[in-house]
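Here's the structure, in structure tokens; my notes come after.
The values are calculated or read from the model by the stated rules, or taken from the named source; none is laboratory data. All of these numbers come straight from a predicted model, not from anything done at the bench. Note that each Cβ is placed from the backbone with ideal geometry, even for glycine, and that neighbours are counted across all protein chains shown.
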Amino acid sequence: MDGTRVVAVVEPHWTGHPETQLKLFTEALLQGAGTCVLVLCQHPEVIRKWVDSAMPEYADRCRTALFSYGFDRGAYPNARLANWARLGALLTDEERAWGRRVDVVTITWLDSFLCDEPVLASELMPRPWVGLYLFPTYLRPTGLRARLFPPRERERDRAFLKMPCCRGVAVLDEGVARGMGAVARGIPVVAMPDVPDCSLPSANPPLVERVLRQAAGRPIVALLGVLGRRKGVLCFLRAALAMQGTQCCFLLAGRLGEEERRTYRRAERELDALLQEAGHHEHILLHLEAIETEAAFNALMTACTVLYLAYEDHPHSSGLLGKAAQFGKLVVVGNYGCMRERVRRFRLGLTIRAGSTRQAVAAIAALCRPRARARRLRRARFAAYLAEHNKTRLREALVRLIWNRNA
């Protein structure tokens, strides 16, 4: 062994942003932090192929293995403890096979591992670890009841994060970093930049060509990505139907499978009715399938005029805000939480009350008027936003989180 420090990066999920985030973390650790990296995820062959192609000079310092995050509790009190046990056993096996000992475990979706049995979890995986906490929603309470009666997760997290194995926690939402510091007393809390993958294909994919052809020069307002209810799909479709006859074209593109449909519950009938009606209108384009690659997704974003990011019941960060800034696109976001704060601070677009069709229509109309849009684009602070959310900042934040020092 050469004495190089080893970081295990654990990503329990895959669909949507996790693959991109996993690649960004792996790249930052290999190139910038000078470590060896053991990647544990659902599709290790994808990461292995990507490292061999994008960073062949680091291929011998990266190892990948299958980690299947599951929902079967097996012999344990709950599924999350079973996953701690599975992770601990896998790390031991991979260390033996690789001939390197892991110094720190980095969990990129800590939410999926937090549970009510911190002592047992530490016994099942007795190694130093840090984690990225994506959705500590109790630190951004909405509604009177949420403010008066903080959920029990606060106490659960306080007990979990004070365990000796926990060396630090990161959040993507800088607005909750101070509150998380009060929960995670005595350990570093790092505000992690939300860095998007903004790679582009060599040529426009067929979907982009079809969208541009059908828009015929009109402004394109788009809602893209995994189309669960929290993305504001219902309000977007209502606004699109209400704006028939205007000079706006609407694009709804992304995966809408069984998993996403379950998030609508009783509103699924309304979703189907809106989609059926939208399918009869020339100014609305529907592509209800996963966009094949990140580069194709980005090409679609470059073709759009305005990005609709007015999420519902999601007060935290979104990587799409960074993509919008990178490609110089104005956005519509909900009037609460992290995204509202960023949009107002950097003048990236307009805010609305999430779920309000009337406000959505007004905001979209305002951003699609050529003179008004040009004026807002001149005032937008895209470069300032990207100066805080980029790969250099990510590498610095990872070093602070993992090694508790400055890069």
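Details
- Meets criteria (of a type in the set (Val, Ile, Thr), surrounded by 19 or more Cβ atoms within 10 Å (Cβ to Cβ) and either modelled with pLDDT of 95 or more or more than 25 Å from the chain's Cα centre (by Cα) (or both)) for Thr92: no
- Selection of region 368-379 for residues being touching a residue at least 24 places away in the same chain (Cβ under 8 Å), farther than 21 Å from Cys338 by Cα and either among the polar types (S, T, N, Q) or touching a helix residue (DSSP H, G or I) at 6+ places or on another chain (Cβ under 9 Å) (or both) yields only Arg373.
- Qualifying residues in region 312-348 (those that are in a loop (DSSP other than H, G, I, E, B), at pLDDT 95 or above and touching a strand residue (DSSP E or B) at 6+ places or on another chain (Cβ under 6 Å)) - the one farthest from Gly16 (Cα to Cα): Leu348
- Among (1) without any contact (Cβ under 8 Å) to a residue 40 or more places away in the chain; (2) outside the structural domain of His287 (by TED's automatic domain parsing); (3) not in a loop (DSSP other than H, G, I, E, B), the one test that Arg185 misses: (3)
- Those residues of region 276-311 which are surrounded by fewer than 18 Cβ atoms within 10 Å (Cβ to Cβ), among the charged types (D, E, K, R) and assigned to a helix (DSSP H, G or I), in sequence order: Glu277
- Condition check for Thr64: touching a helix residue (DSSP H, G or I) at 6+ places or on another chain (Cβ under 6 Å), in contact (Cβ under 8 Å) with a residue 12 or more places away in the chain and within 29 Å of Glu396 (Cβ to Cβ): yes
- Glu27 passes every criterion in (1) among the acidic types (Asp, Glu); (2) assigned to a helix (DSSP H, G or I); (3) farther than 24 Å from Lys323 by Cα apart from (3).
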